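Notes to accompany the following structure.
The values are calculated or read from the model by the stated rules, or taken from the named source; none is laboratory data. Since this is a predicted model, take the numbers as computed values, not measurements. Positions of Cβ are generated from backbone atoms using ideal geometry, with glycine treated the same way; all protein chains shown enter the neighbour counts.
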Amino acid sequence: MQFNPLVFFENSSFQNYGDVINKFSEETILLSEVEKRFLNFITFEILNGKRKHELYLLKLLVEHKGLVSSDKWFECIIEHDLDFQTDVLDSVTRVLDLSFLKAQEQKKYGSDPLVDFDGDMYRLNNAVYQSLENNSIFAQLFIDTIKTGILKSKEYPEIFTLGQKYTRREVLKLMNVAKDEPPLNIGGYKIDKETNSCPIFITYHKSDDISDTIKYEDELLNESTLKWFSKNKRTLDSNDVSTIINSNENELRLELFVIKDDSEGGEFYYLGPLRYVENSAGEVMKNGDSVVQMLFKLNSPVETNLYKYLTDK
């Protein structure tokens, strides 16, 4: 059985692998505050390997003394068969310059970007580059984190891999949304106009503590069909509902993410793209408010064991 290095960082006392070494080894790792911040960043934002681009760009920057042209980066993208759409590459830049992150997370990692891009050249943060040159321990930890992330990325052959788990923030990032948002702002779904996308998040077995106004009975009727409810106080004419109903024409990208219950820690199983079933939408009353119920078809049936796991109480 392969060991998963991410288990260390489920413990809040470990922010990077240097902390793990300090805990379990006689060796003591001493890092500057800047080194810690950026090591923490790549550990929590990139190590999981759910998108390869950031890992390969950082690897390239380390190998080329912190400076890489956009042409050189494109060669690397082609070599490793990565998606080269502009919105993907822009998203990668926003992650590495920290602009994708919410303000509180930017503060945690410091105000300086890890990587700057001026439209032609990618530049590694100068303090990080100097530490890579002058602190062999930091360099080893930084490079090993990137290498481990690349190994982990083999578990994610697609940007979204069926049956794998993603947090709301990871979903927004991988759908190339410009800025992360608090979970409460997203709720069960959020249409992003810039990317023409809408992730749908379902907690299958909802807590008794949840307000009845949002405690809808979203349900997988079988491995390929989803019965789904809009947010409350919606009609067929509501902007978000209308956009979803017309998704077969406007090409809104609908992706389904499901979690069994709140005990799973906020990581949703990816069940794939959705297609609205024509003429299936109708208004219903839930706890005195109008909501819209509709059906979706999944492009790929949910794997049998996962379907049973999610739907069984």
Can you go through GLU223, GLU278 and tell me which one is charged (D, E, K, R), exposed (fewer than 15 other Cβ atoms within 10 Å of the Cβ) and farther than 14 Å from TYR189 by Cβ?
GLU278
Failed criterion for ASN232 (all others in (1) crowded, with 16+ Cβ neighbours inside 10 Å; (2) free of Cβ contacts under 8 Å to residues at least 24 places away in the same chain hold)
(2)
Return the residue satisfying two criteria in turn: it lies in segment 216-257 and is among the small types (Gly, Ala, Ser) and not in a helix (DSSP H, G or I), and of such residues it is farthest from TYR307 (Cα to Cα).
SER238
Does ASN239 satisfy the criteria of being assigned by TED's automatic domain parsing to the domain that holds VAL171, surrounded by fewer than 13 Cβ atoms within 10 Å (Cβ to Cβ) and either under 18 Å from TYR189 (Cβ atoms) or basic (Lys, Arg) (or both)?
yes
In contact (Cβ under 8 Å) with a residue 40 or more places away in the chain, closer than 30 Å to LYS190 by Cβ, among the hydrophobic types (A, V, I, L, M, F, W, C) and not assigned by TED's automatic domain parsing to the domain that holds TYR189: does that describe PHE142?
no
Scanning segment 258-313 residue by residue, those under 21 Å from the mean Cα position of the chain (by Cα) and at positive phi turn out to be GLY265, GLY266, GLY272
Take segment 180-191 and flag every residue that is of a type outside the set (A, V, I, L, M), more than 19 Å from PHE296 (Cα to Cα) and surrounded by 14 or more Cβ atoms within 10 Å (Cβ to Cβ).
ASP180, GLU181
Selection within segment 99-124 - within 20 Å of LYS52 (Cα to Cα) and touching a residue at least 24 places away in the same chain (Cβ under 8 Å):
SER99, PHE100, LEU101, LEU114, VAL115, PHE117, MET121, TYR122, ARG123, LEU124
Considering each residue of segment 58-115, count those that are at pLDDT 95 or above, part of a helix (DSSP H, G or I) and of a type in the set (A, V, I, L, M), and give that number.
11
Please specify each residue of segment 192-205 satisfying the condition of being in contact (Cβ under 8 Å) with a residue 24 or more places away in the chain and either buried (at least 17 other Cβ atoms within 10 Å of the Cβ) or within 14 Å of the chain's Cα centre (by Cα) (or both).
SER197, CYS198, PRO199, ILE200, PHE201, ILE202, THR203, TYR204
Determine if segment 95-103 includes at least one residue that is touching an Asp or Glu at 6+ places or on another chain (Cβ under 7 Å), among the charged types (D, E, K, R) and surrounded by fewer than 23 Cβ atoms within 10 Å (Cβ to Cβ).
yes
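The rows are residues; the columns are (1) under 14 Å from LEU57 (Cα atoms); (2) in the same structural domain as GLU54 (by TED's automatic domain parsing); (3) of a type in the set (Ser, Thr, Tyr); (4) in contact with a Leu (Cβ under 8 Å, 6 or more places away or on another chain).
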{"residue": "HIS80", "(1), (2), (3), (4)": "yes, yes, no, no"}
{"residue": "ASP87", "(1), (2), (3), (4)": "no, yes, no, no"}
{"residue": "LEU96", "(1), (2), (3), (4)": "yes, yes, no, yes"}
{"residue": "LYS108", "(1), (2), (3), (4)": "no, yes, no, no"}
{"residue": "LEU114", "(1), (2), (3), (4)": "yes, yes, no, yes"}
{"residue": "TYR122", "(1), (2), (3), (4)": "yes, yes, yes, yes"}
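With the requirement that a residue be part of a loop (DSSP other than H, G, I, E, B) and among the small types (Gly, Ala, Ser), what does segment 258-279 give you?
The answer is GLY265, GLY266.
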State which residue pairs qualify: first residue surrounded by 23 or more Cβ atoms within 10 Å (Cβ to Cβ) and inside segment 36-65, second residue of a type in the set (Asp, Glu) and part of a loop (DSSP other than H, G, I, E, B) in any location, beta carbons under 8 Å apart, and separation of 6 or more residues or different chains.
HIS53/ASP83
